[in-house]
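> Take this structure first; my questions come after.
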Amino acid sequence: MVNTLLQLESITFGYTDQPLFAGVNLALAAGDMAALLGPNGTGKTTLLMLATGALHPQRGRVMLNGHDLRSLPRRTIARQIAVVPQTFATPFAFTVRELVGLGRTPYTSFLGTEKAADRQAIEEALEATGVAALAGRIFNELSGGEKQRVALALALAQQPKLLLLDEPTAHLDLKYQIGVLELAQHLNRERGITIFATMHDLNLAARYFPRLILFQRGIVADGPPVEALQGRLLRRVYEVPVEIGILHGAEHLSILPPTSSSREQHTVPEHEPKQPHPAIHVIGGGGSAAILMRGLADADIPFSIGALNLGDSDHALAQRLAAEVISEQPYAPIASETAERVRAALRQAQAQIICPTLIGPGNLVLLRLALEAAQEKLPAILLEPSSAAFPESTHLPENPSTLARIAARDYTNGEGLAIYTALLSAGAQIAKDVPAAIDLLRAAVNSSHVAR
């Protein structure tokens with residue numbers, strides 16, 4: 001059962017007669033780590049202020065652990081919610097320890113006497129944020145990154161259940177941006193603190209936050225990065241064309257200007273331990289499966305993939321995210337032994353998905369295996385986004401049909417198209433984007449479990 005910590009119910013708010021947003025519904029469960037994304041002026045910071053009770057909605061209500069925020073004393077709220085603003089300044093020459101000690105205000109008596117529990121909470125907050133060595137320094141003399149960590153320490157001293165971060169990486173260089181977000185990730189994973197942050201950097205948000213909420217005077221999308229960071233949604237919200245993909249050597253979604261040719265290498269941690277029984281088998285290659293793999297990983301759906309030639313642009317990412325990768329030598333045709341491994345993977349899977357890769361003689365064997373499995377009643381999904389890339393020499397009609405798009409990338413004199421046609425006759429379903437594909441795959445896996 002989901003334990004809802006904070007809930008915004010049909011919230012309407014405006015600073016003038018014109019509402020800034022209306023009818024906003026949002027729930028944060030205990031342990032969530034979510035980022036609120038959107039352009040300036042759309043109400044992200046205002047939504048955070050409503051969540052703390054600093055502002056009150058004109059209509060609707062904010063619930064904290066099932067209680068209307070308006071009915072709770074400020075001290076009670078401060079023991080559960082802590083806020084780190086974009087900029088934090090003080091006109092007084094507080095030392096770092098004195099400033100972090102202010103986080104104990106909700107727990108101290110009228111006289112402000114520090115108890116043993118307060119001192120312990122302060123020391124733990126200083127240690128957790130890596131600023132214990134700065135305890136005797138004057139806060140106003142610190143660097144921007146150090147000040148941000150001290151502000152986090154102050155918030156942690158409150159021992160909150162919910163930590164609200166307003167642009168935690170604003171005005172910081174890359175080192176401190178990464179440091180602050182890794183600290184937030186650690187607090188979420190190791191201490192179970194719910195994190196809700198407004199963010200401008202979509203790439204950092206996709207890297208560190210498993211849940212993204214795209215906001216523009218209302219919620220446009222809410223889900224894992226692969227669902228929230230879709231090109232059509234970002235174009236609508238930010239009014240600028242962007243490309244969504246995965247950079248070579250990385251495993252997380254990246255948002256790029258459409259003219260960018262940058263393919264920088266990134267050092268990333270190994271993925272979670274591989275799972276032994278893949279529910280899905282993926283057939284892809286040439287980068288066609290990259291976003292799907294990221295989506296399956298975000299959805300905790302174990303998958304196998306292959307066969308992929310070593311050096312294929314999907315292969316490196318598959319090694320990080322897939323439970324099983326069936327590999328073949330570079331530029332080599334699919335060997336009979338490799339084909340048998342693919343057949344075995346398909347027999348163990350509960351569904352299969354074929355990505356929109358170019359069709360050549362080398363991967364016909366994989367399509368035939370997919371058809372064989374479909375004819376043996378293994379559910380098949382064809383990922384066929386309407387925005388899929390085609391060879392420049394291909395002239396497609398406006399709004400081409402699925403089969404026309406498949407034919408445009410078929411270099412086998414029609415053999416590939418014939419297999420796709422047979423797959424459709426065998427009951428294969430078409431998914432227009434990755435979220436739709438994941439929904440169909442989930443349904444297929446659930447049906448398989450019910451059948452058992």
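The values are calculated or read from the model by the stated rules, or taken from the named source; none is laboratory data. Note that the coordinates shown come from a computational prediction; the quantities given were computed from them, not determined experimentally. FYI the Cβ positions are ideal-geometry reconstructions off the backbone, even for glycines, and counts take in every protein chain you see.
> Gln350: in contact (Cβ under 8 Å) with a residue 12 or more places away in the chain, among the polar types (S, T, N, Q) and more than 23 Å from Asp410 (Cα to Cα), yes or no?
Spelling it out, Gln350 is indeed in contact (Cβ under 8 Å) with a residue 12 or more places away in the chain, among the polar types (S, T, N, Q) and more than 23 Å from Asp410 (Cα to Cα).
> Under 9 Å between Cβ atoms, at least 6 apart or on separate chains: pull out the pairs that start in the range 66-87 with a residue that is touching a residue at least 60 places away in the same chain (Cβ under 8 Å) and closer than 19 Å to Ile195 by Cβ and end on any residue that is in a strand (DSSP E or B) and of a type in the set (Ser, Thr, Tyr).
Filtered contacts from the range 66-87: Gln86/Thr198.
> Restricting attention to the range 34-89, report how many residues are under 27 Å from Ala206 (Cα atoms) and not in a strand (DSSP E or B).
Residues in the range 34-89 being under 27 Å from Ala206 (Cα atoms) and not in a strand (DSSP E or B): 20 in total.
> Which of the residues belonging to the range 39-50 are over 22 Å from the mean Cα position of the chain (by Cα) and in contact (Cβ under 8 Å) with a residue 40 or more places away in the chain?
Leu50
> While we're looking at this one, here's another question. Can you tell me which residue is farthest from Val282 (Cα to Cα) among those in the range 433-447 that are in contact (Cβ under 8 Å) with a residue 24 or more places away in the chain and over 20 Å from the mean Cα position of the chain (by Cα)?
Ser447
> Looking at Leu64, Leu102, can you tell me which residue is at pLDDT 95 or above, surrounded by 14 or more Cβ atoms within 10 Å (Cβ to Cβ) and not hydroxyl-bearing (Ser, Thr, Tyr)?
Of Leu64, Leu102, the one residue that is at pLDDT 95 or above, surrounded by 14 or more Cβ atoms within 10 Å (Cβ to Cβ) and not hydroxyl-bearing (Ser, Thr, Tyr) is Leu64.
> Out of the residues in the range 2-33 meeting the condition of being part of a loop (DSSP other than H, G, I, E, B) and within 19 Å of Gly53 (Cα to Cα), tell me which one is modelled with the highest pLDDT.
Ala30
> For the range 171-206: of the residues being assigned to a loop (DSSP other than H, G, I, E, B) and not small (Gly, Ala, Ser), which is farthest from Gly38 (Cα to Cα)?
Restricting to residues being assigned to a loop (DSSP other than H, G, I, E, B) and not small (Gly, Ala, Ser), the top hit is Ile193.
> Here's something else I'd like to know. Please find, within the range 390-417, the residue that is modelled with the lowest pLDDT out of those that are of a type in the set (A, V, I, L, M, F, W, C) and either exposed (fewer than 15 other Cβ atoms within 10 Å of the Cβ) or part of a loop (DSSP other than H, G, I, E, B) (or both).
Phe390
> Could you say whether any residue in the range 95-110 is assigned to a strand (DSSP E or B) and hydrophobic (A, V, I, L, M, F, W, C)?
No, because not a single residue in the range 95-110 is assigned to a strand (DSSP E or B) and hydrophobic (A, V, I, L, M, F, W, C).
> Which of the numbered conditions does Leu174 fail, given that it passes all the others? Conditions: (1) touching a residue at least 24 places away in the same chain (Cβ under 8 Å); (2) within 23 Å of the chain's Cα centre (by Cα).
For Leu174, the exception is condition (1).
> Sort out which residues of the range 359-383 are at pLDDT below 95 and either touching a His at 6+ places or on another chain (Cβ under 6 Å) or among the small types (Gly, Ala, Ser) (or both), and write them in order of number.
Within the range 359-383, Gly360, Gly362 meet the criteria.
> Out of the residues in the range 130-170 that are in a helix (DSSP H, G or I) and of a type in the set (Gly, Ala, Ser), which is surrounded by the fewest Cβ atoms within 10 Å (Cβ to Cβ)?
Ranking the candidates gives Ala133 first.
> Sticking with this one: For the subset of the range 216-226 comprising residues that are touching a Leu at 6+ places or on another chain (Cβ under 9 Å) and farther than 16 Å from Met33 by Cα, which member is surrounded by the most Cβ atoms within 10 Å (Cβ to Cβ)?
Ile219
> Being under 24 Å from Leu233 (Cβ atoms), modelled with pLDDT of 90 or more, crowded, with 19+ Cβ neighbours inside 10 Å and not hydroxyl-bearing (Ser, Thr, Tyr), is that true of even one residue in the range 325-348?
Checking the range 325-348: not a single residue is under 24 Å from Leu233 (Cβ atoms), modelled with pLDDT of 90 or more, crowded, with 19+ Cβ neighbours inside 10 Å and not hydroxyl-bearing (Ser, Thr, Tyr).
> Here is a follow-up. Looking at (1) touching a residue at least 40 places away in the same chain (Cβ under 8 Å); (2) among the hydrophobic types (A, V, I, L, M, F, W, C); (3) closer than 29 Å to Pro225 by Cβ; (4) in a helix (DSSP H, G or I), which one does Leu367 not meet, given that it meets all the others?
For Leu367, the failing item is (3).
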